Amino acid sequence: MDSITANDCIIHFNELCYISLNEHIKINNFSKIFILVDTNTHTYCLPLFLEKLETTSVIEIIEIEEGEINKNIDTCVGVWNSLSELDADRKSLLINVGGGVVTDLGGFVASTFKRGIAYINVPTSLLAMVDASVGGKTGVDLGNLKNQIGVISNPNMVLIDTLFLQTLPQNQMRSGLAEMLKHGLIISEDYWNKFKDLSQLKLDDLDGLIYESVLIKKVVVDQDPFENGLRKTLNYGHTLGHAIESYFLTNPYKPSLLHGEAIAIGIVLASYISTQLVGFPEDTTNNIKYLFGGYYGKVEIKESDYSPIIELLKYDKKNNHGNINFVLLEAIGKPKIDCLVDEAIIIDSFKYYSS
């Protein structure tokens, strides 16, 4: 697979990753190299990565606790302090080896430490490869509110080595799949149709689908890097999905949901709302519900949950002037942004999902 350039960031795949990385390190003569991992990637991914790294520079490992619940400013402060104590300077390099939590948080830490040091993302989860790998969004959560603090800042490069996927449990693979399914719905019916029967897909097919998913996001981000218009379409299913994720994360009586698991629910809800408001075909919505139900099962959302989830919608980053803005679909590949939705229709969408 060829490398992809998106918004001045080069994305390398598989065998090209380490050739490009080692050449980049050699050319730039970094004063020190820091590698950020979480407790999972430290064990399962870091040894694989270090085998391929060729450098005589000093390397320091910084570890954070895994999980979305640790994607916060307190964790950033810990990493900033570690960088400072280990004598990081403006010619240092931070390499983020992990899923979306590590790459989002690590990118934000690097972009703000000493007003910005170089960083490279090495996404090790399917979700991070197809979502966080392109676009330069960095950031952390504010309490249970998703990605409220951050900046748009591109890494020097992104290295997508699909061998890391062999370290993932099935639920993490399904989490990443939700973003790929979303790409098909908003951009390409041909791409969407490739996911109709995953049992027929081979590992080589997955490599190709990841590459195509990255290309889809690249096309969108290159046209609208700061999310003023077209890039909002990438948030299909995320308005309610993020609210559900936040609600389940902090409710002691609910199981925590992975990002993709919550987005899968959000996509079903957004598809129902699209049918009600902008003419998205009802049979397509039913097919989406059936397909997602087969991949993700059904999460119990009670009527008593509706109100607190809807209350969280006001923190969505697409909102402006007090309006809650949804991305809806008129047809597969034909999204419509900045749609206003009555609360009654949102409640009906929950009932549809649960029926």
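The values are calculated or read from the model by the stated rules, or taken from the named source; none is laboratory data. Just so it is clear, the model here is predicted, and its values are computed rather than measured. Backbone-built Cβ (ideal geometry, glycine too); neighbour counts: all protein chains shown. Each accessible area value is taken on the protein alone, full model and side chains, heavy atoms only, with ligands, DNA and RNA left out. Shrake-Rupley method; radii C 1.70, N 1.55, O 1.52, S 1.80 Å.
For the reader, a short list of remarks on this structure follows.
- Contacts under 7 angstrom Cβ, first residue in the range 217-239 being aromatic (Phe, Trp, Tyr), partner assigned to a helix (DSSP H, G or I) and buried (at least 17 other Cβ atoms within 10 Å of the Cβ), 6 or more apart: Tyr236/Lys182; Tyr236/Leu185; Tyr236/Ile186; Tyr236/Ile267; Tyr236/Ala270
- Residue match in the range 205-221 (condition: loosely packed, with under 15 Cβ neighbours inside 10 Å, part of a helix (DSSP H, G or I) and under 17 Å from the mean Cα position of the chain (by Cα)): yes
- From the options Glu66, Glu54, residue that is part of a loop (DSSP other than H, G, I, E, B) and over 22 Å from Phe30 (Cβ atoms): Glu66
- Scanning the range 305-323 for residues that are part of a helix (DSSP H, G or I), more than 18 Å from Leu257 (Cα to Cα) and out of contact with any strand residue (DSSP E or B) (no Cβ under 9 Å at 6 or more places or on another chain) yields Ser307, Glu311, Lys314.
Per-residue answers, yes or no, for (1) of a type in the set (Gly, Ala, Ser); (2) within 29 Å of Ile244 (Cα to Cα); (3) open to solvent by less than 30 Å² (accessible area, probe 1.4 Å); (4) out of contact with any helix residue (DSSP H, G or I) (no Cβ under 7 Å at 6 or more places or on another chain):
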{"site": "Glu60", "(1), (2), (3), (4)": "no, no, no, yes"}
{"site": "Cys76", "(1), (2), (3), (4)": "no, yes, yes, no"}
{"site": "Ser84", "(1), (2), (3), (4)": "yes, no, no, yes"}
{"site": "Val101", "(1), (2), (3), (4)": "no, yes, yes, no"}
{"site": "Asp104", "(1), (2), (3), (4)": "no, yes, yes, no"}
{"site": "Ala128", "(1), (2), (3), (4)": "yes, yes, yes, no"}
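- Scanning the range 141-166 for residues that are in contact (Cβ under 8 Å) with a residue 24 or more places away in the chain, surrounded by fewer than 24 Cβ atoms within 10 Å (Cβ to Cβ) and under 19 Å from Thr41 (Cα atoms) gives Asp161, Thr162, Leu163, Leu165.
One line per residue, one yes/no per condition, for (1) among the β-branched types (Val, Ile, Thr); (2) surrounded by 14 or more Cβ atoms within 10 Å (Cβ to Cβ); (3) in a helix (DSSP H, G or I); (4) out of contact with any Gly (no Cβ under 6 Å at 6 or more places or on another chain):
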| site | (1), (2), (3), (4) |
| --- | --- |
| Met1 | no, yes, no, yes |
| Cys17 | no, yes, yes, yes |
| Phe30 | no, yes, no, yes |
| Leu36 | no, yes, no, no |
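- Scanning the range 110-126 for residues that are buried (at least 24 other Cβ atoms within 10 Å of the Cβ), assigned to a loop (DSSP other than H, G, I, E, B) and in contact with a strand residue (DSSP E or B) (Cβ under 7 Å, 6 or more places away or on another chain) gives a single hit, Thr124.
- Gly100 being in contact (Cβ under 8 Å) with a residue 12 or more places away in the chain and touching a Pro at 6+ places or on another chain (Cβ under 8 Å): yes
- Boolean, His12 is over 22 Å from the mean Cα position of the chain (by Cα), at pLDDT 95 or above and not aliphatic (A, V, I, L, M): no
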